[in-house]
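Here the structure comes first, spelled out in structure tokens, and everything after it is commentary.
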Amino acid sequence: MPRRARGAAVDFSLMNSMILRWSGCVLLVAFTAGAQPRGFNYDEAKVPKFQLPDPLVMEDGTRVVSAEQWRKERRPEILELFRKHVYGRSPGRPAKLSFFNLEERQGIWGGLANRRQVEVRFDGRRDGPRMTILIYAPSKTKGPAPAFLTLNFRGNHTVHEDPAIRLPHSWVRGRSPGEAVNNRATEKGRGVSKSRWAIEAILKRGYVFATIYYGDIDPDFHDDFKNGVHALYPKPKPDEWGSIATWAWGLSRALDYMETDKWIDAQRVAVMGHSRLGKTSLWAGANDDRFALVISNNSGCGGAALSRRAFGETVKRINTSFPHWFCDNYNKYNDNENACPVDQHQLVALIAPRPAYIASATEDRWADPRGEFLSGKHAEPVYKLLGAGGLPSARQPKPDQPVAGGIGYHLRTGRHDVTDYDWARYLDFADKHLRGR
Ligand code: GCU
């Protein structure tokens, strides 16, 4: 018996016939395009009344008044609550973790970039669970450069048409005809997601761009935790890692590698993700304080959006559609958000005093843009206590009017997506915080 009910959106592994594969594609496109399923609340007037847990009040009622108290007592307490109730706890760095340089080329793209592809072998075996990091570094920068580390949805080869990018070895979903055959990536996918990755702009501003296909770490369907890196570990207990925590774990292993790469300044790595991978970047940044800056792009429910608002996607819906994303304990809060000892503003607070950026999109109501803004706003007292500035806007800013303090926010006009506009804001925010510009 699988320990979780299977949801409709996770049964892609069972689809053998073309017809089923096609219906799966349609279903997935609907999800990732930020469709707004019916039967959920999109009316601000119908948001239930709720009280948020105060990030600066300990579970025993003690008020936190100093930075030291936050660091030593309250932060570990909140981190533990998220581990136990929401994402699940993850193992540390495996003893046999190893890195293998697959390929390297300097001075490509008219001298703009250096490229490297590195395999991270989770238990040291070349045929064991492993992920490939694709790295582009600005070739003219002297010394190590700050970096953006990202996960991608469809394979490293989809982020750019560069023919040298390796196809993923892992299970892929594939969304257009021929993009995946028997769940193996094909050449048809090369470059298909490039509009989401402003790689040249990132390099021109002096940053490294690094990306990993998230399915290398844990394929995104519920197989009761047998594939990806889960093959190396026992089945998770109710307070142990779901897939979001697993992808975040992979980001930490990428950072382990980055600490050894001379092109990269590992003290200045920004972790960025979109949608489910925005949830993941927030958890990665909360869980691993080596990440210098954290960016959540349209992360929604279980990411930046406040769960207690139950606006758009709800805890029950996400746990039902994606039973493998969170730890089993999170199911206790289905239709019961107020009982959860944490809400998502505390996830942002865990990142403090490191800078955090939250981005929403006007048409992405499923992700609750206002709830995403409010998480940043309610994390502000912690940033202020730590002398890290806040979110400099009392109200949710109008579309396309970014604000940036220790916490940055914008509401982009348009749909659930990552665009050049988003990247331009992230680059400005990184310049401010990682380069002091
Ligand atoms: C679905 C899901 C969201 C998620 C999104 C994505 O829409 O309900 O929670 O953010 O997929 O990752 O594309």
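The values are calculated or read from the model by the stated rules, or taken from the named source; none is laboratory data. What you are looking at is a predicted structure, and each value in this text was computed from that prediction instead of being measured. Note that we place each Cβ from the backbone using ideal geometry, even for glycine, and neighbour counts take in every protein chain shown.
A few remarks follow.
- Any chance VAL315 is within 15 Å of the ligand (Cβ to nearest atom), of a type in the set (A, V, I, L, M, F, W, C) and crowded, with 22+ Cβ neighbours inside 10 Å: yes
- Some residue of region 206-226 being away from the ligand (no atom under 16 Å from the Cβ), surrounded by 21 or more Cβ atoms within 10 Å (Cβ to Cβ), part of a loop (DSSP other than H, G, I, E, B) and modelled with pLDDT of 95 or more: yes
- Extreme residue, farthest from the ligand (Cβ to nearest atom), among residues of region 318-329 that are touching a helix residue (DSSP H, G or I) at 6+ places or on another chain (Cβ under 8 Å) and closer than 26 Å to ALA352 by Cβ: ASN329
- Residue in region 334-346 that is under 13 Å from the mean Cα position of the chain (by Cα), more than 11 Å from the ligand (Cβ to nearest atom) and of a type outside the set (S, T, N, Q) present: no
- So GLY88, is it closer than 25 Å to GLU259 by Cα and touching a residue at least 60 places away in the same chain (Cβ under 8 Å): no
- Scan of region 238-276 for residues that are of a type in the set (Gly, Ala, Ser) and either within 16 Å of the ligand (Cβ to nearest atom) or in a helix (DSSP H, G or I) (or both), ordered by number: GLY242, SER243, ALA245, ALA248, GLY250, SER252, ALA254, GLY273, SER275
- Taking first residues from region 58-69 that are small (Gly, Ala, Ser) and partners that are part of a loop (DSSP other than H, G, I, E, B), the Cβ contacts under 7 Å between residues at least 6 apart in sequence or on separate chains come to ALA67/LEU386.
- Residue among ALA30, ALA95, ALA45, ALA67 that alone is at pLDDT below 95, over 30 Å from LYS140 (Cα atoms) and of a type in the set (A, V, I, L, M): ALA30
For every residue, the table says whether it meets (1) without any contact (Cβ under 8 Å) to a residue 40 or more places away in the chain; (2) over 25 Å from ASN336 (Cα atoms); (3) buried (at least 23 other Cβ atoms within 10 Å of the Cβ).
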| residue | (1), (2), (3) |
| --- | --- |
| ALA231 | no, yes, no |
| GLU240 | no, no, no |
| SER243 | no, no, yes |
| THR280 | no, no, yes |
| GLY285 | no, yes, yes |
| ASP288 | no, yes, no |
| ASN297 | no, yes, yes |
| CYS301 | no, no, yes |
| PHE311 | no, no, yes |
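- Filtered residues of region 359-404 (kept if surrounded by fewer than 23 Cβ atoms within 10 Å (Cβ to Cβ) and of a type in the set (Gly, Ala, Ser)): GLY387, ALA388, GLY389, GLY390, SER393, ALA394, ALA404
- Residue list for region 281-312, filter: away from the ligand (no atom under 12 Å from the Cβ), more than 20 Å from THR419 (Cβ to Cβ) and not in a helix (DSSP H, G or I): ASP288, ASP289, ARG290, PHE291, ALA292, LEU306, ALA310, PHE311
- Those residues of region 284-324 which are under 12 Å from the mean Cα position of the chain (by Cα) and within 21 Å of ALA404 (Cα to Cα), in sequence order: GLY285, ALA286, VAL294, ILE295, SER296, ASN297, ASN298, SER299, GLY300, GLY303, ALA304
- Members of region 318-339 found to be surrounded by fewer than 20 Cβ atoms within 10 Å (Cβ to Cβ), in contact with a His (Cβ under 8 Å, 6 or more places away or on another chain) and of a type outside the set (D, E, K, R), listed by number: ASN329
- With respect to the conditions (1) surrounded by fewer than 12 Cβ atoms within 10 Å (Cβ to Cβ); (2) under 25 Å from the mean Cα position of the chain (by Cα); (3) within 25 Å of PRO369 (Cβ to Cβ), GLY39 falls short on a single one, namely (2).
- Restricting the first member to region 318-338 and to residues that are free of Cβ contacts under 8 Å to residues at least 24 places away in the same chain, and the second to residues that are within 15 Å of the ligand (Cβ to nearest atom) and part of a loop (DSSP other than H, G, I, E, B), the beta-carbon pairs closer than 7 Å and six or more apart or on different chains are ILE318/CYS301; ILE318/GLY302; ILE318/TRP325; ASN319/PHE326; ASN319/ASN334.
- Taking (1) closer than 30 Å to TRP171 by Cβ; (2) at pLDDT below 95; (3) touching an Asp or Glu at 6+ places or on another chain (Cβ under 9 Å) in turn, ILE135 satisfies each apart from (2).
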